[in-house]
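The values are calculated or read from the model by the stated rules, or taken from the named source; none is laboratory data. The structure displayed is predicted, hence computed values, not measured ones. All Cβ positions, even for glycine, are placed from backbone atoms using ideal geometry, and neighbour counts span all protein chains on display. Protein only, heavy atoms only, side chains kept; ligands, DNA and RNA dropped before computing areas. Shrake-Rupley method; radii C 1.70, N 1.55, O 1.52, S 1.80 Å.
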Amino acid sequence: MTDSNPIIQRHPANPILSARDVPYPSALVFNAGVVKFAGRYVMLFRNDYGSPQDRRLDGTNIGLAFSDDGLRWTVEAAPVWQWADGDVLRVYDPRLTVIEDRPLVCFALDTLHGIRGGIAATDDFRRFDVLHLTAPDNRNLALFPEKVGGRYLRLERPFPVYGRPFVKEWFDIWLSASPDLRYWGDTRLLLGVEDVPFANAKIGPGAPPVKTPAGWLVAFHAVDIDPTRGKNGWEESWTKRYTAGLMLLDVDNPARILGISRQPLMIPEAPYEVDGGFRNNVIFPCGLILEPDGEVKIYYGAADTTVCLATAHLDDLLALCR
Ligand code: BMA
């Protein structure tokens, strides 16, 4: 199993966004949320800055970019969000969802007391009104774009440690509901890592679910660890590989999985995914857009270093989940 699924086309212009496109200090540009809003494509991306020559990172902020075609992006002159204050060390990995014409961003927050997931509302992608923060450790929140059964829904990935001591990093995808986006509960397991044939460690929600006639289409990331990988990127040891997987959820009852791809949708193999990155061998999908003609745009972080685009046809993606 060495190749990504043939239904996937990596865009020849990849990477579609990298540090050289950013007009302020930038070393690594990756893990971006993307939505269509008010006639344009909007992207919030993670920007880690520092000195790549010295392999040093000094901080993280969130950048904003717009595009008319989803491919060519113009980055705003300054970052739009940085949160390093008291207990909070940084905000990162934004994912975008529009619900009832209101843009919402899910994000991860590193704090002195653990990692939290958060949800914020924004009118202009520049000011963020934080509605909710999870208890630690949790992240990779992704909101469904509409209420289901009268409730808001999200995917999330808590990190249980004491409760699953037999494997160090065995983390699963969970589903929670809310009446108002602020208070969340009715939390239940959606997909256990043991049910993903191409993962031997953690999995996590990737992009916010996309509604299709067959059900909710969800991209997720899946990690397999191979101790022989050793040094790989900036760090001394990076033994993980992040592939992308796909599942389909019942449209009226998303707690019910209708199908999962048996093999990865994408495996790191392009040069910008396997070489020269901060952490090579990482594909981290954070945004999916279904176009009117059935094309699905998949935005993903490559090697924790750039933002890339792949496309596939909806029918092929659905067939993969059956
Ligand atoms: C995850 C997160 C992501 C990152 C990925 C691969 O745990 O930290 O931000 O892209 O690892 O390094």
Gly39, sole failed condition from (1) in contact (Cβ under 8 Å) with a residue 12 or more places away in the chain; (2) more than 16 Å from the ligand (Cβ to nearest atom); (3) among the small types (Gly, Ala, Ser): (1)
Single condition Arg262 does not satisfy, out of (1) surrounded by 18 or more Cβ atoms within 10 Å (Cβ to Cβ); (2) touching a residue at least 40 places away in the same chain (Cβ under 8 Å); (3) of a type in the set (D, E, K, R): (1)
Whichever residue in the stretch 187-203 is hydrophobic (A, V, I, L, M, F, W, C) and in a loop (DSSP other than H, G, I, E, B) and, among such residues, is nearest to the ligand (Cβ to nearest atom): Ala201
Yes/no for Gly276 being surrounded by fewer than 18 Cβ atoms within 10 Å (Cβ to Cβ) and within 16 Å of the ligand (Cβ to nearest atom): yes
Residues located in the stretch 125-163, provided they are farther than 25 Å from Lys36 by Cβ, open to solvent by 40 Å² or more (accessible area, probe 1.4 Å), in a loop (DSSP other than H, G, I, E, B) and not aromatic (Phe, Trp, Tyr): Ala135, Pro136, Asp137, Gly149, Gly150, Pro160, Val161, Gly163
With the first residue restricted to the stretch 288-299 and required to be surrounded by fewer than 16 Cβ atoms within 10 Å (Cβ to Cβ), and the second required to be among the hydrophobic types (A, V, I, L, M, F, W, C), Cβ contacts under 8 Å at 6 or more apart or on different chains are Gly294/Leu314; Glu295/Ala312; Glu295/Leu314
Options Leu104, Leu112, Leu64, Leu57: the member that is open to solvent by 50 Å² or more (accessible area, probe 1.4 Å), away from the ligand (no atom under 16 Å from the Cβ) and over 21 Å from Glu295 (Cβ atoms): Leu112
Within the stretch 77-98, residues being of a type in the set (Val, Ile, Thr) and assigned to a loop (DSSP other than H, G, I, E, B) number 1
Would you confirm whether any residue within the stretch 69-76 is in a strand (DSSP E or B) and within 16 Å of the ligand (Cβ to nearest atom)? no
Residues of the stretch 209-236 satisfying the condition of being within 24 Å of Ala142 (Cβ to Cβ), open to solvent by 10 Å² or more (accessible area, probe 1.4 Å) and either modelled with pLDDT under 95 or within 16 Å of the ligand (Cβ to nearest atom) (or both): Asp224, Ile225
